[in-house]
Amino acid sequence: MKWILIASVILLSGCASLFENRMSEEEVAQIRAQKASEEAEVVNAEKVLEKARFEEARILFRDFQGRHSQSVFFQQARLGEAQSLEGLGRYQEAADLYRDIYLKTLKHQPEIAALALYRMSFAYEALGDDLKTVAALLDARRMGEHLPLEVAYAEVPARLAAAYARQNRENEALTYLNEAEKGISIVQQEKGANLRSDWLAKTYVQMGTVSTNQLSSDNFSEFVQGQKLVQVYLIKALRLNDSAWSPRALSKLQETYRDLYTQVESAKNRETQNSLGGDLFDLLDQAELYRPMTGQKMNSYENSFFAYLSEVRKKTEKIVYGSGGTMSLTEESAKLNSLKRGLPQTKKRSIPLPPKVVPEEDPNL
C-alpha cells in the first residue's frame with residue numbers, strides 16, 4: 001500500500017509538471033504575440049513620424065505609453081514622442097525628454113540611449129546652444145557601437161563638422177567632414193545588399209540638415225561657414241531623386257536660403273546688408289559648384305533648387321547694389337525668423353571649400 005501511495009504521488013507530480021509545462025508554453029506564446037503586437041504599434045507610429053505628421057505621431061506614441069507602461073517598447077515610444085515634439089518646434093520639451101530617456105535607458109537599452117543623445121543634438125541646435133550640441137554629438141559618438149552604422153559613421157561626424165565650423169574651429173570641422181565622407185564608403189561596404197534603397201538619401205538629409213531657428217544677423221557669418229560644409233549633402237539628396245527624401249532636401253534648402261535672404265533684407269543698415277549679402281553670395285557660389293554640368297539632365301528637384309538659387313541671387317543683388325524687392329515668407333519661415341538670439345561677434349575665418357563633385361564620378365551617387 002505504501003508503495004502504491006508513493007507511486008500515486010509520483011504520477012500526480014508528473015502530471016502536474018506536464019500541465020505546468022503546457023501552461024508555460026501557452027503563456028510564452030501569449031507573451032510573444034503581445035510583444036509582436038506592441039512592436040507593430042510602435043513601428044506604425046514611427047512610420048507616421050517619418051512622414052512628418054508630427055502631431056498625429058505624438059498622439060500615437062502617447063497613447064501607446066498610456067496603455068503599455070511596462071512594455072519593453074515603452075522607452076522607444078518615448079523617443080518617438082520626443083522626435084514628434086522636435087518636429088512640432090517644441091525644442092526645449094524635446095531636449096528634456098531626450099535627456100530623461102538617455103538616463104533611464106543607458107544601462108539596459110543602450111541603443112535607445114545612444115539615439116536619444118544623437119537626437120538631443122538636433123534639439124539643442126534649434127535652441128541655439130552649440131556647446132550642448134557638440135557635447136551631445138561627442139557623447140553619441142562615444143556610444144557609436146550602439147548606433148545604426150550610417151548614423152555613427154556619417155551623420156554624427158557631418159553634424160560635428162557643421163557645428164565646429166559655426167564656432168570657427170576650422171581644423172576640427174575639416175577633420176570630421178573627412179570622417180563623414182569616409183563613413184559613407186564604410187557603410188556601403190559593411191552593409192552592402194542589406195541597405196534600404198532610400199538609406200543614402202535619408203542619410204544625406206540627416207547629414208545636411210541644420211536648423212535656422214536661431215539665425216540672426218549676429219551669427220549669420222558663423223552659420224554660413226557651417227552651411228558651406230554640409231549643404232552639399234542636401235544637394236546630393238536631390239540628385240538621388242528619392243520620392244520620400246529628395247522633397248525634404250529641397251524644402252530644407254529652400255527654407256535655409258529664404259531665411260538667410262530675410263536676414264539680409266531686414267538688416268538695420270546698408271553696411272550690415274552688404275556684409276550679410278557678401279556671405280550669402282559666397283554660399284550661393286559654393287552651391288553652384290554642384291550644379292550638373294552643361295548637357296547633363298537635371299531632375300525636377302534639382303531644377304527647382306537651382307531656379308530658386310537664381311531668384312535668391314537676383315533679389316540679393318538688388319538689395320546690395322540697388323533697391324531690392326522682397327521674398328514672401330512661408331508661415332514656418334516667419335515663425336523661425338521671429339526667434340532670435342544675440343551672440344558675440346567673432347572674427348570670420350574662411351574654411352576651404354570641398355572640391356566640385358561631378359555626379360557620375362561620385363561613388364555615393
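Some observations on this one:
- Pairs of alpha carbons in the stretch 246-330 separated by more than 16 Å make up 52% of all such pairs.
- Sulfur and carbon atoms: percent of accessible area, the stretch 152-196 [1.4 Å]: 42 percent
- Pairwise centroid distance, computed over Cα atoms, of the stretch 159-196 with the stretch 236-261, Å: 19 Å
- Shape of the stretch 33-112, Cα gyration tensor, a/c cut at 1.5: oblate
- To put it simply, the accessible area of the stretch 207-274 at a 1.4 Å probe is 41 percent carbon and sulfur.
- The mean sequence separation of alpha-carbon pairs under 8 Å and at least six residues apart, normalised by the residue count of the stretch 144-225, gives a relative contact order of 38 percent.
- Percent carbon-and-sulfur accessible area, the stretch 38-107, ignoring ligands, DNA and RNA, probe 1.4 Å: 48 percent
- Euclidean distance of C-alpha centroids, the stretch 294-311 and the stretch 94-153, integer Å: 35 Å
- Relative packing of peptides 282-289, 96-103 - highest average C-beta neighbours within 10 Å first: 96-103, 282-289
- Residue-wise HN-Hα coupling along the stretch 81-96, computed from phi with Karplus coefficients 6.51, -1.76, 1.60 (Hz; x: Gly, Pro): 4, 4, 5, 5, 4, 4, x, 7, x, 9, 5, 5, 4, 4, 4, 5
- Accessible solvent surface per residue of the stretch 135-199, calculated while the other protein chains remain in place, 1.4 angstrom probe, Å²: 47 Å²
- Contour excess over end-to-end distance, with Cα ends at Ile31 and Ala135 and 0.36 nm allotted per residue: 33.5 nm
- Peptide packing: for 226-233, 179-186, the average count of neighbouring Cβ atoms within 10 Å per residue gives the ranking 226-233, 179-186, highest mean first.
The values are calculated or read from the model by the stated rules, or taken from the named source; none is laboratory data. Just so it is clear, the structure is predicted and the values come from calculations on it, not from any experiment. No Cβ is skipped: glycine too gets one built from the backbone with ideal geometry, and neighbour counts run over all protein chains shown. For the accessible areas, the whole protein counts, side chains as well, though only heavy atoms, and no ligand, DNA or RNA atoms are used. Shrake-Rupley method; radii C 1.70, N 1.55, O 1.52, S 1.80 Å.
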